[in-house]
1. In the stretch 76-85, which residue that is closer than 20 Å to residue 29 by Cβ and open to solvent by 70 Å² or more (accessible area, probe 1.4 Å) is nearest to the chain's Cα centre (by Cα)?
2. Is it the case, given these coordinates, that residue 52 is touching a residue at least 40 places away in the same chain (Cβ under 8 Å) and more than 14 Å from the chain's Cα centre (by Cα)?
3. Give me the strands (runs of 3 or more DSSP E) completely within the stretch 1-75, filtered to those with at least 1 residues that are modelled with pLDDT of 90 or more and open to solvent by 90 Å² or more (accessible area, probe 1.4 Å), ordered by residue number.
Amino acid sequence: MFNKTMLVSLIWALSCGLSQAASISGNLSDEMTNQPLPSEEYPFVSLYKFDSQNNVWNFENMTTPDSSGNFKFSSLPAGYYHIYTTASHYINE
């Protein structure tokens, strides 16, 4: 079993405007080699949105990274988001 660390670099573009849709995009890469982690390594990237009224994180959406490890969530309302992905031979940090 490998003991590698994954680095998720995110570009946050959440707008506070009421009528504007926002997006979150990022890239999955190996922290040691800086090489992209494609969908074969990470088949899904999950997005959770914080519900402040109930104090819980709710599943919002899921996507698959491309061959370069890039992913994007579009048409998001303003809010707090958490992105999660995992693979058997990497450690999330």
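1. Per the stated criteria, the residue is 84.
2. Judged against the criteria, residue 52 is not a match.
3. Once the strands (runs of 3 or more DSSP E) in the stretch 1-75 are filtered for at least 1 residues that are modelled with pLDDT of 90 or more and open to solvent by 90 Å² or more (accessible area, probe 1.4 Å), what remains is 56-63.
The values are calculated or read from the model by the stated rules, or taken from the named source; none is laboratory data. Just so it is clear, the model here is predicted, and its values are computed rather than measured. With ideal geometry, Cβ positions are generated from the backbone for all residues, glycine too; neighbour counts draw on all protein chains shown. These accessible areas exclude ligands, DNA and RNA; they are computed on the full protein's heavy atoms, side chains included. Shrake-Rupley method; radii C 1.70, N 1.55, O 1.52, S 1.80 Å.
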